[in-house]
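Before any comments, here is the structure.
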Amino acid sequence: MKYLVNTFFILCLLLCYNELMATTKEFEQKRAAELDKRSVALKETQQLIDDTMSDVKWKEGKGRKGRAYFVYDDPVYDKKTETTKLVKTIGNGINIDAKHGGAHNIKFLKDLVGEDAFSDMLSGARPIDLDINKRAVKYNIELGIKYARNAIKDFDSRPYDVRRVAVDMFYNVGGNLPRRMPSFIDALDRGNYYEASMELKHKNPYGKKGKAVDMDTTNYFDQTTGRGKLNFEALNLYREEKPKTKELSEGVVLSEGKKMGEIIFNFPDNFGQ
């Protein structure tokens with residue numbers, strides 16, 4: 001009897017061990033997959049930062065007496081109100097105007113260089129140090145990634161070039177991009193990148209919200225010049241071309257084939273009856 005009990009006990013231990021090992025192995029596989037996913041995400045995030053920084057025009061930022069990296073007033077024109085506001089800026093487009101959304105940059109720079117050095121930069125007494133300038137640019141790009149993730153659902157699963165466009169736009173426009181261009185963000189959310197390209201370039205290309213179609217270019221497209229054009233072209237490539245068709249007599253439809261010059265005749269089932 002004692003022998004049978006011991007055998008049963010050993011069998012139970014073996015079953016528990018096998019179950020535990022299977023569960024442990026499954027956990028390790030899931031953990032490894034999660035770590036791999038995080039590693040890819042970190043690499044792609046760094047790539048987004050590097051690619052966006054590579055597009056920055058480092059020659060920008062000429063301020064007092066045309067000297068680079070001194071504070072200057074950046075004129076921003078608003079087509080809707082036909083007014084131009086001057087935004088106090090330093091370095092490579094770093095907004096340090098508290099009245100126009102630059103409070104976060106002011107805090108960032110003060111934390112880096114101190115109150116006195118920042119006051120000198122703000123007054124135009126000294127330029128921004130090039131290393132501080134690059135760190136501020138990187139900080140704003142990282143903010144752009146954060147804004148994009150918050151605004152666009154499943155952001156990290158989108159095609160890389162779509163993410164790059166979104167980050168570049170948030171970097172240039174700021175966290176209020178969804179408020180300024182809600183139809184653009186909505187098109188990205190729905191995965192319609194061609195439509196997003198049209199919303200990026202034109203004010204109201206689809207006549208949304210009961211308003212007339214307006215193919216005038218957006219403030220973003222006009223003010224970012226080359227960047228706006230490149231971002232438009234990147235998203236515009238996602239256009240799903242539909243073959244041109246023409247309906248002939250008796251329900252016969254003539255359509256283009258996939259090959260150049262290929263013509264396809266589509267006959268209805270009851271044709272000729």
Scan the stretch 109-138 and report the pairs whose first residue is on the phi > 0 side of the Ramachandran plot and whose second residue is part of a helix (DSSP H, G or I), with Cβ atoms within less than 6 Å and a gap of 6+ or a chain change. Gly124/Arg64
Does the stretch 71-90 hold any residues that are within 24 Å of the chain's Cα centre (by Cα), at pLDDT below 85 and not charged (D, E, K, R), and which are they? Val76, Tyr77
Check whether at least one residue in the stretch 76-97 is surrounded by fewer than 20 Cβ atoms within 10 Å (Cβ to Cβ), under 27 Å from Ala187 (Cα atoms) and basic (Lys, Arg), and report yes or no. yes
I'd like to check something: does the stretch 139-147 contain any residue that is out of contact with any helix residue (DSSP H, G or I) (no Cβ under 6 Å at 6 or more places or on another chain), closer than 27 Å to Leu48 by Cβ and either assigned by TED's automatic domain parsing to the domain that holds Pro182 or exposed (fewer than 14 other Cβ atoms within 10 Å of the Cβ) (or both)? yes
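When the stretch 183-198 is examined, which residues are found to be within 15 Å of Asn219 (Cα to Cα) and within 14 Å of the chain's Cα centre (by Cα)?
Initially, the stretch 183-198 is screened for residues within 15 Å of Asn219 (Cα to Cα), giving 183-184, 197-198.
Listed by number, the residues that qualify are Phe184, Ser197.
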Exactly one of (1) at negative phi; (2) at pLDDT 90 or above is unmet by Gly191. Its number? (1)
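Among the helices (runs of 4 or more DSSP H) lying completely within the stretch 47-156, list those that include at least 1 residues that are in contact with a Lys or Arg (Cβ under 9 Å, 6 or more places away or on another chain) and under 30 Å from Asp214 (Cα atoms).
Working: elements: 103-113, 115-123, 130-151.
Because the criterion is at least 1 residues that are in contact with a Lys or Arg (Cβ under 9 Å, 6 or more places away or on another chain) and under 30 Å from Asp214 (Cα atoms), the helices (runs of 4 or more DSSP H) in the stretch 47-156 that meet it are 130-151.
The values are calculated or read from the model by the stated rules, or taken from the named source; none is laboratory data. Nothing here was measured: the structure is a model prediction, and the numbers come from that model. A quick note on method: Cβ atoms are made from the backbone with ideal geometry, for glycine too, and the neighbour counts reach across all protein chains shown.
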